[in-house]
């Protein structure tokens, strides 16, 4: 029973829920909620995201022994062999589910998303800021993927793609600042390690201000309504600005960034609500 729960935990259920929420929000926005292809699209996202979470945990086990020793692999609650078996199973199921999708959705999944997921830890994570953009882009690509998988085109989901990518990138950059101790043991040159916490703080502030400004444009341009604007300001912009400009300062350490990253996870969830509100 312990191995079963550990197998669920290594998938990172909250992140999985976030990805699946993006799938169903996208389907709702593109009038594909009753499409027979939606379950296959959701299965692809679930399997690829879950398998890639396992892969990252396996590759990062020595880092997690310092940053997150309570995770299932460094704590010994799940063997690496069992994790790899589950990972392989999920990848296979995801590949099979891809065959049922529209060609464009299949191409996005196999040519863009899957390589980014597999290469993130061994390659992109080691390039300052690029790794953050990759993770942010993966969440954003779920919106484009879902539309492409159901309808075979990407006409509507570009604004949600950019919003989700920007918000997730900010959170990932904050997480890197919190994980500096473990990343130093593996000599991973994340942006905070290479340029320091003060430079990271000002990059976070620059990205936050840019997001808050550009996120209002869809309302100002008449694409989205007043409900979108209200939920955006209350659910995303105010807590985001508070976290980056009030909670964090030039004297903040990794522990402060860890707290801010947890807050930003809630802001990311609120961002999903904002995207959903664009339908009204």
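Laid out as a table, the results:
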| read-out | value |
| --- | --- |
| Relative contact order of the stretch 235-280, defined on C-alpha pairs under 8 angstrom at six or more residues apart (%) | 52 percent |
| Sequence of 183, 82, 176 once ranked by neighbouring C-beta atoms within 10 Å, starting from the fewest | 82, 183, 176 |
| Three-way shape label, the stretch 86-135, alpha-carbon gyration tensor, a/c 1.5 | oblate |
| Sorted by Cβ density within 10 Å, fewest first, the residues 199, 278 | 199, 278 |
| Tensor-based shape of the stretch 21-167 (alpha-carbon gyration tensor, a/c under 1.5 rounded, otherwise prolate or oblate) | prolate |
| Residue of 171, 205, 12 that the Gaussian network model of the chain assigns the largest fluctuation, springs spanning Cα pairs under 10 Å | 12 |
| Helical contribution to [θ] at 222 nm, DSSP H n ≥ 4, -39,500 (n - 2.57), averaged over the chain, rounded to 500 | -22000 deg cm²/dmol |
| Choice from 167, 144, 241 with maximal GNM fluctuation in the chain (Cα, 10 Å cutoff) | 241 |
| Dmax and Rg, reported as Rg then Dmax, of the chain (C-alpha, Å) | 18.6, 53 |
| Relative contact order, percent, the stretch 157-280 [alpha-carbon distance under 8 Å, six or more residues apart] | 37 percent |
| Kirkwood hydrodynamic radius (C-alpha pairs) into Stokes-Einstein, the stretch 237-280, 20 °C and 1.002 mPa s, D in µm²/s | 189 µm²/s |
| Gyration tensor verdict on the stretch 157-280 (Cα atoms; rounded if a/c is under 1.5, prolate if a/b is larger than b/c, oblate otherwise) | prolate |
| Highest-fluctuation residue, 262, 194, 251 considered, GNM on the chain with Cα pairs under 10 Å | 251 |
| Residue exposure sequence - 16, 157 - by fewest surrounding Cβ within 10 Å | 16, 157 |
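Coordinate-derived values only; no laboratory data. All values derive from a computational prediction rather than experimental measurement. Every residue, glycine among them, receives a Cβ derived from its backbone with ideal geometry; neighbour counts consider all protein chains shown.
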